[in-house]
Each structure stands twice: as C-alpha cells, then as structure tokens.
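Heads up: the structure comes next, in structure tokens.
The values are calculated or read from the model by the stated rules, or taken from the named source; none is laboratory data. All values derive from a computational prediction rather than experimental measurement. Reconstructed Cβ throughout: ideal geometry from the backbone, glycine too, with neighbour counts over all protein chains shown.
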Amino acid sequence: MANPIGKMKSIIEMVESVLANYPISRDNDNYLACFVWHKQVRASREGDVTFENFLTMYSNGMLASSDTITRAARKIKETRPDLRGNGHKKRKDLEVQTRMNIRNL
C-alpha cells in the first residue's frame, strides 16, 4: 500500500503546478481535475489511453478523486493569493453581502 502522506504531497505539488501554469484552472475545478488526471495517466501509462482505461484506473484508486484535487487547490489558494482565480474577489464580496442579508432576516 502506498504512503498516503506521500501520495497527498505529490497531488498537492501537481495541483500547484497546474494552477501556476494554467490560469484557466484557477476558476474552473473541472478543468483542474481533468488536467491533473491527464498528468497522472500520462505518468503511469505509455501510448494512447482509452476512456475504459481511464475508468479502470479511476475506479481502482490509481487517480486522485476530484474532491481531493479541489481540496488541495483550496488549501494552496489560502497561502498563495497569486494562484487565486478572478472569481475569488467576487465570491468574497458576495459572501459579505449574504452574511448581511442573513443577519437581517
């Protein structure tokens, strides 16, 4: 069985690399997850990968779950504001408005 801490560190490093090199992934979790999966598949297999191969790898736990990838991205964005997307400020402003509206209920 693989070391879970080492596995998580490698996923965090991979997610941070994708966020740094592909700005679209900062605002799009689906793109981020797909890009990480692409990197993981390419690292473990040579040649063409079919959708069936991908499904087998994913279902056998060989690929990170989308939850793990987005969780890692959120953690990275806490400490690296330069890797936050354009939607971050909008979400934070909306959060303040929502809190005020809830208080007024």
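Quick notes
- Considering segment 1-17, the residues that are assigned to a helix (DSSP H, G or I) and among the polar types (S, T, N, Q) include one that is modelled with the highest pLDDT, namely Ser17.
- The number of residues in segment 18-44 being of a type in the set (Ser, Thr, Tyr) and either out of contact with any helix residue (DSSP H, G or I) (no Cβ under 8 Å at 6 or more places or on another chain) or outside any helix (DSSP H, G or I) (or both) comes to 1.
- Residue match in segment 65-75 (condition: small (Gly, Ala, Ser) and over 16 Å from Ile11 (Cα atoms)): no
- Qualifying residues in segment 60-77 (those that are part of a helix (DSSP H, G or I) and either in contact (Cβ under 8 Å) with a residue 60 or more places away in the chain or more than 18 Å from the chain's Cα centre (by Cα) (or both)) - the one surrounded by the most Cβ atoms within 10 Å (Cβ to Cβ): Ala72
- For the residues Arg84, Arg80, the requirement of being of a type in the set (Lys, Arg) and surrounded by 14 or more Cβ atoms within 10 Å (Cβ to Cβ) singles out Arg84.
- Test: residue in segment 19-27 that is free of Cβ contacts under 8 Å to residues at least 24 places away in the same chain, closer than 17 Å to Ile69 by Cα, loosely packed, with under 12 Cβ neighbours inside 10 Å and of a type outside the set (Val, Ile, Thr): yes
- Residues of segment 78-105 satisfying the condition of being within 13 Å of the chain's Cα centre (by Cα) and under 19 Å from Ser10 (Cβ atoms): Leu83
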